[in-house]
Amino acid sequence: MSTPHAPEITVVLVEDDEDVRHGTAQALELAGLPVQGYGSVEAARRSVGPNAPIVLLCDVNLPGMHATDWLPEVRAVDADLPMILVTGHGDIAMAVKALQQGAYDFIEKPASSERIVAVVQRAVEKRRLVLALRAADGRAAAQRGIEAVMVGRSAAMQALRRTVLDLAGTTADVLVYGETGSGKDLVARCLHDYSPRRSGPYVPINCGGLPETLVESELFGHEAGAFTGAQKARAGKLEAANGGTLFLDEVESMPLAVQVKLLRVLQERTVERLGSNRAVPVDCRVVAASKTDLLAASEAGRFRADLYYRIGVAFIHLPPLRERREDIGMLFEHFALLAASRYGRDLPVPTAAQQAELLAYDWPGNLRELANVATRCVLGLAGDRLTPGNGAPTVTTMSLHEQIDQFERALIADTLRRHGGD
């Protein structure tokens, strides 16, 4: 039985007789099985590890440590790692005992090449399946974890979660596009939390929330006396993010002069504080977010094209809430539950009219607006009508027929979800 994306399994052959080792390895290799041979347990021990793509074919009586003494150690490292024992006739009772202790199988000497290959192939298939299932479980666990953060069952959200998990495992810089309140900061945080850099710092900076005179100091840091008011040295955000992730929100608002310096830092992976000539190495992943098209901004001269091509390696486009209405009911419950827990209030249950209202509204403020409405509802401040009565709907490019189809689909999906599919 073959398993998709299964790793290649190597047979670790432990046999002190060089001729026997060579003959057995040749038989296995002719059957298409990679083999790594060793003359002792001590030499082979370094091959064993959790999730190691190997099976062990081991003679029992070896110089130094015997295979039966090695078995408990192997099982402590990985209880599912198949270990096949090769025994003499007088060792059958011992081999049966080893099976009871977790050995995969034993082969009695003398054994034909066909018998050895058949036993090993079964062990290889078992190991391949175990490793494939473990990898699938790991991906499923990550998917389950991210579903609690990036909430939604729509096709758009499922695709978005897959993209985030795929990119999280890489070192590529990412550019996130989305309307105000669509969750760009949440995506950046997930890219960090599900990456190999998760134990490092996550450093966010809002480029549009700082005065132009302070952006440079915040990013690169400064030495004492570098400018008026700089009484002591201070590391910048780039240094603070070393070993982790730097999130540049509203990167489109970064001054052009600062963009030049940031480009140099990203190219050379070193930073110089203001007032210093010393280059400090930095190793951080950059996730940038923008609500405007940076390529169009670069063509208009408002954003440097070279910086755009430097940070725009991978792209994530966040759908606005109005384009995934089937998620609105679940998201409202999610935000209401958070608010109820925070303020010690009961969880409100929207009326049928309010549910239809939530689904019909265009949510120009996206997730941030929905969270605000849910919180007001929990606090009893919303009244009968949850959304603004005279709120101007967001301009949409969908036809009336498409909008009706989407609304009906969202209403049916939300009703099925609330009634457990009944």
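The values are calculated or read from the model by the stated rules, or taken from the named source; none is laboratory data. All of these numbers come straight from a predicted model, not from anything done at the bench. Quick reminder, even Gly has a Cβ in these numbers, built from the backbone with ideal geometry, and neighbours come from all protein chains shown. With ligands, DNA and RNA removed, areas are computed over all heavy atoms of the protein, side chains included. Shrake-Rupley method; radii C 1.70, N 1.55, O 1.52, S 1.80 Å.
Selection within the range 70-89: residues that are within 29 Å of the chain's Cα centre (by Cα) and among the hydrophobic types (A, V, I, L, M, F, W, C). The member of this set that is surrounded by the most Cβ atoms within 10 Å (Cβ to Cβ) is Leu81. State the number of residues belonging to the range 22-67 that are of a type in the set (S, T, N, Q), surrounded by fewer than 19 Cβ atoms within 10 Å (Cβ to Cβ) and closer than 17 Å to Ile9 by Cα. Residues flagged as of a type in the set (S, T, N, Q), surrounded by fewer than 19 Cβ atoms within 10 Å (Cβ to Cβ) and closer than 17 Å to Ile9 by Cα within the range 22-67 amount to 4. Of the residues examined, Leu85 is not one that is in contact (Cβ under 8 Å) with a residue 40 or more places away in the chain and not in a helix (DSSP H, G or I). So which residues in the range 283-293 are closer than 17 Å to Tyr202 by Cα and open to solvent by less than 10 Å² (accessible area, probe 1.4 Å), if there are any at all? Correct list: Cys284, Arg285, Val286, Val287, Ala288, Ala289. Would you please list the contacts, defined by Cβ atoms under 6 Å and residues six or more apart or on different chains, that run from a residue in the range 354-366 that is over 16 Å from Ser182 (Cα atoms) to a residue that is surrounded by fewer than 18 Cβ atoms within 10 Å (Cβ to Cβ) and polar (S, T, N, Q)? Going by the 6 Å Cβ cut-off, the qualifying pairs are Glu357/Thr387. One residue alone among Asp362, Asp384, Asp346 is closer than 30 Å to Thr163 by Cα and part of a loop (DSSP other than H, G, I, E, B), and that residue is Asp362.
Tally time: how many residues in the range 287-309 are among the small types (Gly, Ala, Ser) and assigned to a loop (DSSP other than H, G, I, E, B)?
Within the range 287-309, the first condition is being among the small types (Gly, Ala, Ser), and the residues that meet it are 288-290, 296-298, 300-301, 305.
Then keep just the ones that are assigned to a loop (DSSP other than H, G, I, E, B); that gives 300-301.
Summing the residues that are among the small types (Gly, Ala, Ser) and assigned to a loop (DSSP other than H, G, I, E, B) in the range 287-309 gives 2.
Residue-by-condition table, conditions (1) in a helix (DSSP H, G or I); (2) at pLDDT 85 or above; (3) not aromatic (Phe, Trp, Tyr):
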site: Arg115; (1), (2), (3): yes, yes, yes
site: Ala118; (1), (2), (3): yes, yes, yes
site: Arg122; (1), (2), (3): yes, yes, yes
site: Lys126; (1), (2), (3): yes, yes, yes
site: Ala135; (1), (2), (3): yes, no, yes
site: Ala141; (1), (2), (3): yes, no, yes
site: Gly145; (1), (2), (3): yes, no, yes
site: Val151; (1), (2), (3): no, yes, yes
site: Ala156; (1), (2), (3): yes, yes, yes
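The set of residues in the range 204-256 that are in contact (Cβ under 8 Å) with a residue 12 or more places away in the chain, open to solvent by 40 Å² or more (accessible area, probe 1.4 Å), of a type in the set (A, V, I, L, M) and part of a helix (DSSP H, G or I) comprises Ala240, Leu256.
The set of residues in the range 161-185 that are closer than 15 Å to Ala288 by Cα, at pLDDT below 90 and within 9 Å of the chain's Cα centre (by Cα) is empty.
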